[in-house]
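Q: The following block contains the structure, expressed as structure tokens.
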Amino acid sequence: MRRTKRGVSPVIVVPALVGLAFLVLPLVALVVRAPWGSIVQIVMKHEVLTSLLLSLGTASLATAICLVLGVPLAVLLARSAHWHVVPRRLLRALITVPLVLPPVVGGVALLLLLGRRGIIGQWLYAWFQITIPFTPAAVILAQVFVAMPFLVLAVEGALRTSDRRFELAAATLGASRWHVFRRVTLPLVGPGVSAGALLCFTRSLGEFGATITFAGSFPGTTQTLPVTTYLELQRDPDAAIALSLLLLAVAVVVLVGLRDRWLPGVTGS
Amino acid sequence: MVAAAVVVAALALAGCSAQSAPSPTATAAPVTLTVYAAASLTDSFADIAKEFEKQYPSVKITYNFGGSSALAAQLVAASPGDVFAAASATTMKTVTDASLVTGAPQIFVTNSLELVVPKGNPANVTGLGDLANPDLSIALCAAAVPCGAAALRLLAQEGVTAAPDTLEQDVKAVLAKVELGEVDAALVYRTDVTAAGDKVEGIDVPGADRVVNRYPIAVLKSAPNQTTARAFVDFVLGTTGQAILTKAGFGAPN
Amino acid sequence: MTTGELDVDFRLVRPGFDLTVGFAVGPGRVLALLGPNGAGKSTTLSCIVGATEFVGHVRVGERQLDGLSIDERRVGMVFQEYLLFPHLTVEQNIAFGPRARGGRKSEARVTVAALLERFGVSDLRHRRPAQISGGQAQRVALARALAVDPDVLLLDEPLAALDAEVREEVRADLALHLRAFAGPTVLVTHSIADVRALASDVIVLEHGSVSYRGTVAGLVNADATPYLRQLARGESL
């Protein structure tokens, strides 16, 4: 009698709203404290535009690499459901580790592998005179390292909830395995792939720790927008707030684009 | 034995000051002193705390180490503390401008830059001029942070146009790149070279002593126990504190 | 297409499940596979189509199917929920097989146009599966399966997903199309009405083995098991 409609209990609503407030209020503070009067000048500064362009460019390339490598990895992970429990869990753990690792640690690990004295890097340097740190390639590698798990897990989620009998139906029509994958499996998980790619892109855009550790920071080459923001914080906090807003705006635009209908199986809608 | 002599001397000094102010040792209740200190002071201030607590057994020192700008921002945002030891006059000014300091800040050490190369000096770097070589991999601090500003002044003073490959967000990041051998040479503080031990090699730069960072220290108004806070500042400025800081590679205040 | 008899003879053992099936269906004949739930009807289709491993053989005429992959078998299948590709239009669904087999585009277009016409779904060619009725989906699914000119046709409960009102009409329609198919057909169903309208021969599977084998007419006299006696009384299960 007290509740005629099927509502959500206050036991759920109250902590949920507190949780939401905790996520949103810091961003509100950022917006409130923003130097709105000078924001355009700050954002239009040459060095800011340079790092914004570098960020957009590297994040796009990183997303492309994540798609090429991450989608097959997602397929492997989804099919590992039939494996023995140990290798199956190990594979999932290995893919998830970069998500929980402090990005700085990821940066150090990349240096130890691909740096000038790294396990692989020393040979690249000795044989081809190639050094990866301090180049835009290093920025992209750092972004791929931290962002790929987002793509893999999103695509894998979509694959696991998609009906595999469509693949069987396609095979009975004479489609080869590759044709089935390209024309049936991929389109069916298309929403998961788009969602994963968007998450991957925004994560790459916000990448800081691994980038500054592995790629360093040099204007126009490796200094991405988050790095510029951090450096501005030391000199001019107002500018740092303005740049944070710029990053926030880009992220919001991308994530709002990630509508529910693109995410069946991920949002559960 | 030297350390023992230093302690004896410091005790004597403390004995003198006890005449002008009531000694904190006299109060039985334990006092905790929160000191905000620049990250470059981490090792030497830990040693200073040990000696200070020996002399004032009722006092417990806790440190908040971090980048000076970040610490200043925390203090301005009303974080409670007793003493602030900054790595630059600018960051101290942020705090004094907010009227958070008792009396005038005092310079307690200086720090100057030194050329640093990986162990074995693989690129055969000899002096500041090598920083202009585009074939070498060079790291400097970003201009926005104190060590970067100092590097720019030194390079300008010596007429060297550096060709850096990366401008790092703090001096420890620069040092890490040298230790890992990712760069051939970098400019860091003398204290950082000392702290890194034999993982890196330092090369003195003529003229570096004319580009110095002065570290100011001050008692904060928010300190509940002004006397004890003052005693800590005096201890840093005193013989024991200075001996520890000199050993870490810092220069004398003047 | 190679017309020939479908010859199935295999055994499949799983924990708690032991299925032994053997039957032959001539070209142009429709064999109904009846039986209670869990008797192994769908599993039998799965074995013929190539999605389940077994011990034994499946042949169409002289052609050995076991050992071939699913896409090489030329076995057409209409699934219970039709499984039309949701991201493709009706026309693209029917064209899927001919395209996948790498046939000429112009030939595929002719085939697809003819099937759209024959199944009366030309007007729906640009609709997606979500935008058509169950009866229409059933016809599209059959057209899609026939588009690759299969040697054998398998139907898994082709009318079960439909509302009772349209079932009669779709069933009559399906009977016409099955009569036009030259190869052997296997129909899995629960419904005695389906059997009477669509099939020429019947096999009843119970507990993993064949309990009746014969004509539809002969079912009236079958009395070896309780299930068969129910069927003989004309009850749909």
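Q: Confirm whether A:Val86 is within 13 Å of chain B (Cβ to nearest Cβ), over 28 Å from A:Asp163 (Cβ atoms), hydrophobic (A, V, I, L, M, F, W, C) and assigned to a helix (DSSP H, G or I). Lay out the reasoning, then the answer.
A: Values: within 13 Å of chain B (Cβ to nearest Cβ): no; over 28 Å from A:Asp163 (Cβ atoms): yes; hydrophobic (A, V, I, L, M, F, W, C): yes; assigned to a helix (DSSP H, G or I): yes.
So A:Val86 fails the test.
Q: Oh, and also: For C:Gly38, work out the one condition from (1) touching a residue at least 12 places away in the same chain (Cβ under 8 Å); (2) at positive phi; (3) more than 14 Å from chain A (Cβ to nearest Cβ) it doesn't fulfil.
A: Evaluating C:Gly38 over (1) touching a residue at least 12 places away in the same chain (Cβ under 8 Å); (2) at positive phi; (3) more than 14 Å from chain A (Cβ to nearest Cβ) leaves (1) as the failure.
Q: If only one of C:Ala180, C:Ala161, C:Ala172, C:Ala137 is of a type in the set (Gly, Ala, Ser) and within 13 Å of another protein chain (Cβ to nearest Cβ), which one is it? Write out each step before concluding.
A: On the way: C:Ala180 fails: within 13 Å of another protein chain (Cβ to nearest Cβ); C:Ala161 fails: within 13 Å of another protein chain (Cβ to nearest Cβ); C:Ala172 fails: within 13 Å of another protein chain (Cβ to nearest Cβ).
The unique qualifying residue is C:Ala137.
Q: Scan region A:147-195 for residues that are buried (at least 23 other Cβ atoms within 10 Å of the Cβ), within 18 Å of A:Ser80 (Cα to Cα) and in contact with a Phe, Trp or Tyr (Cβ under 9 Å, 6 or more places away or on another chain) and jot them down.
A: Correct list: empty.
Q: Right, another one. Only one residue in B:Asp43, B:Asp47 is outside any strand (DSSP E or B) and at pLDDT 90 or above. Which one? Don't jump to the end; show me each part of the working.
A: Details: B:Asp43 fails: at pLDDT 90 or above.
On inspection, the qualifying residue turns out to be B:Asp47.
Q: While we're looking at this one, here's another question. Restricting attention to region A:208-228, and to residues there that are crowded, with 22+ Cβ neighbours inside 10 Å and more than 10 Å from every other protein chain (Cβ to nearest Cβ), which single residue is nearest to A:Pro102 (Cα to Cα)?
A: A:Ala210
Q: In region C:54-76, which residues are surrounded by fewer than 17 Cβ atoms within 10 Å (Cβ to Cβ) and either within 14 Å of chain A (Cβ to nearest Cβ) or closer than 29 Å to C:Leu231 by Cα (or both)? Let's see the steps before the verdict.
A: Step one: filter region C:54-76 for residues surrounded by fewer than 17 Cβ atoms within 10 Å (Cβ to Cβ), giving C:55-57, C:59, C:61-64, C:67-69, C:72.
Within region C:54-76, C:Leu68, C:Ser69, C:Glu72 meet the criteria.
Q: I would also like to ask the following. Spot the failing condition for C:Ala24; the list is (1) more than 30 Å from C:Asp163 (Cα to Cα); (2) more than 14 Å from chain A (Cβ to nearest Cβ); (3) part of a loop (DSSP other than H, G, I, E, B), and only one is missed.
A: (3)
Q: For region B:135-211, list the helices (runs of 4 or more DSSP H) that sit wholly inside it and hold at least 3 residues that are within 14 Å of chain A (Cβ to nearest Cβ) and under 23 Å from A:Thr224 (Cα atoms); which are they?
A: On the way: elements: B:146-158, B:171-179, B:190-196.
Here the list reads B:146-158, B:171-179.
Q: From the list A:Leu205, A:Leu198, exactly one residue is surrounded by fewer than 22 Cβ atoms within 10 Å (Cβ to Cβ), away from chain B (no Cβ under 14 Å) and not basic (Lys, Arg). Which is it? Even if it seems obvious, please write down each step before you answer.
A: Details: A:Leu205 fails: surrounded by fewer than 22 Cβ atoms within 10 Å (Cβ to Cβ).
Just one listed residue meets the conditions, A:Leu198.
Q: Output the qualifying pairs, or none if there are none: Cβ atoms under 8 angstrom, residues six or more apart or on different chains, first residue in region C:176-199 and within 14 Å of C:Gly26 (Cβ to Cβ), second residue modelled with pLDDT under 90 and surrounded by fewer than 16 Cβ atoms within 10 Å (Cβ to Cβ).
A: C:Ala182/C:Met1; C:Ala182/C:Thr3; C:Gly183/C:Met1; C:Gly183/C:Thr3
Q: Taking the stated definitions as given, is C:Ala175 assigned to a helix (DSSP H, G or I), farther than 26 Å from A:Ala169 by Cα and not hydroxyl-bearing (Ser, Thr, Tyr)? Give the derivation first.
A: Working: assigned to a helix (DSSP H, G or I): yes; farther than 26 Å from A:Ala169 by Cα: no; not hydroxyl-bearing (Ser, Thr, Tyr): yes.
No.
Q: Moving on. Go over the candidates C:Ala137, C:Ala182, C:Ala161, C:Ala141 one by one and state the one that is in contact with a Phe, Trp or Tyr (Cβ under 8 Å, 6 or more places away or on another chain), part of a loop (DSSP other than H, G, I, E, B) and among the aliphatic types (A, V, I, L, M). Please lay out each step first, then the result.
A: On the way: C:Ala137 fails: part of a loop (DSSP other than H, G, I, E, B); C:Ala182 fails: in contact with a Phe, Trp or Tyr (Cβ under 8 Å, 6 or more places away or on another chain); C:Ala141 fails: part of a loop (DSSP other than H, G, I, E, B).
Testing whether each residue is in contact with a Phe, Trp or Tyr (Cβ under 8 Å, 6 or more places away or on another chain), part of a loop (DSSP other than H, G, I, E, B) and among the aliphatic types (A, V, I, L, M) leaves just C:Ala161.
Q: Does C:Leu88 satisfy being assigned to a loop (DSSP other than H, G, I, E, B), at pLDDT 90 or above and more than 10 Å from chain A (Cβ to nearest Cβ)? Full working, then the answer.
A: Numbers: assigned to a loop (DSSP other than H, G, I, E, B): yes; at pLDDT 90 or above: yes; more than 10 Å from chain A (Cβ to nearest Cβ): no.
Considered against the rule, which asks whether it is assigned to a loop (DSSP other than H, G, I, E, B), at pLDDT 90 or above and more than 10 Å from chain A (Cβ to nearest Cβ), C:Leu88 comes out as no.
Q: Which condition does A:Val193 not pass, out of (1) part of a helix (DSSP H, G or I); (2) free of Cβ contacts under 8 Å to residues at least 60 places away in the same chain; (3) of a type in the set (A, V, I, L, M, F, W, C), if it passes all the others?
A: A:Val193 satisfies every listed condition except (2).
Q: Which count do you get for residues in region A:105-129 that are within 11 Å of another protein chain (Cβ to nearest Cβ), surrounded by fewer than 17 Cβ atoms within 10 Å (Cβ to Cβ) and of a type in the set (A, V, I, L, M)?
A: So the answer is 1.
Q: For region B:68-90, give me each residue that is assigned to a helix (DSSP H, G or I) and more than 16 Å from B:Val219 (Cβ to Cβ). Break it down stepwise before answering.
A: Filtering region B:68-90 down to residues assigned to a helix (DSSP H, G or I) leaves B:68-76, B:89-90.
The answer is B:Ser68, B:Ser69, B:Ala70, B:Ala73, B:Gln74, B:Val76, B:Ala89, B:Thr90.
Q: Okay, next question. Please go through region A:102-134 and give me each residue that is farther than 17 Å from B:Val183 by Cβ, in a loop (DSSP other than H, G, I, E, B) and more than 21 Å from the chain's Cα centre (by Cα), ordered by number.
A: Taking region A:102-134 as the starting set, the residues that turn out to be farther than 17 Å from B:Val183 by Cβ are A:102-106, A:109, A:113, A:119-120, A:123, A:126-128.
Retained after the next criterion (residues that are in a loop (DSSP other than H, G, I, E, B)): A:102, A:119-120.
Once the filter is applied, which keeps residues that are farther than 17 Å from B:Val183 by Cβ, in a loop (DSSP other than H, G, I, E, B) and more than 21 Å from the chain's Cα centre (by Cα), region A:102-134 yields A:Ile119, A:Ile120.
The values are calculated or read from the model by the stated rules, or taken from the named source; none is laboratory data. A quick note: this is a predicted structure, and the numbers were derived from the prediction, not measured. Every residue, glycine as well, gets a Cβ built from its backbone with ideal geometry; the counts of neighbours run over all protein chains shown.
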